[in-house]
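**Student:** Let me begin by handing over the structure; questions about it come next.
The values are calculated or read from the model by the stated rules, or taken from the named source; none is laboratory data. This structure is a prediction, so every number in the text was calculated from the model and none was measured. Positions of Cβ are backbone-derived with ideal geometry, glycine not excepted, and every protein chain shown enters the neighbour counts. What goes into the accessible areas is simple: the full protein's heavy atoms, side chains included, and nothing from ligands, DNA or RNA. Shrake-Rupley method; radii C 1.70, N 1.55, O 1.52, S 1.80 Å.
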Amino acid sequence: NQLFPGRAMNFGQAITAGFQNYVNFAGRAIRSEFWYWFLFAVLVSIATSVIDVVLFSELELSPISTLAGLAMFLPGLAVSIRRLHDLDRSGWWFLLIFVPPVGAIILLIWNCTRGTVGPNRFGPDPLGGVP
């Protein structure tokens, strides 16, 4: 990531980068950026679900969860595509998610894999690695 070159991100940096790059589908995202964003999305989902149950249980509505999901959809998609770029793969590979369960397993394995060391066709190595 251009914001924090040369090292892994912490939780706060990853969330900041996710929202600052919310429609940036170019460049690369390291594993820590992706996984901390994923953790953030899960925690927000749990929190908003609890709030919806407390506030709207009788109405069977989930407006808070819906708004949070909409707010995090584009940043999540962007960081997922940049993560694929870090592996020197096109963002179109994200469509594997629609091939259950094989696509999700492949994407999980790729998201756990170290990105390309050194520059690739999507940009310089965010960790500063030299091939």
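**Student:** Of all residues in the stretch 81-105, which are open to solvent by less than 20 Å² (accessible area, probe 1.4 Å) and within 14 Å of residue 122 (Cβ to Cβ)?
**Tutor:** Result: 82, 83, 84, 85, 86, 91.
**Student:** With (1) open to solvent by 40 Å² or more (accessible area, probe 1.4 Å); (2) in a helix (DSSP H, G or I); (3) under 23 Å from residue 117 (Cα atoms); (4) touching a residue at least 40 places away in the same chain (Cβ under 8 Å) as the list, and residue 24 as the residue in question, which single condition is left unmet?
**Tutor:** The single condition residue 24 does not satisfy is (2).
**Student:** So which of 39, 77 is at pLDDT 95 or above, open to solvent by 60 Å² or more (accessible area, probe 1.4 Å) and within 23 Å of residue 12 (Cβ to Cβ)?
**Tutor:** Just a single option satisfies the conditions, and that option is 39.
**Student:** Given the conditions (1) modelled with pLDDT under 95; (2) part of a helix (DSSP H, G or I); (3) open to solvent by 20 Å² or more (accessible area, probe 1.4 Å), which single one is not true for residue 17?
**Tutor:** Failing condition for residue 17: (3).
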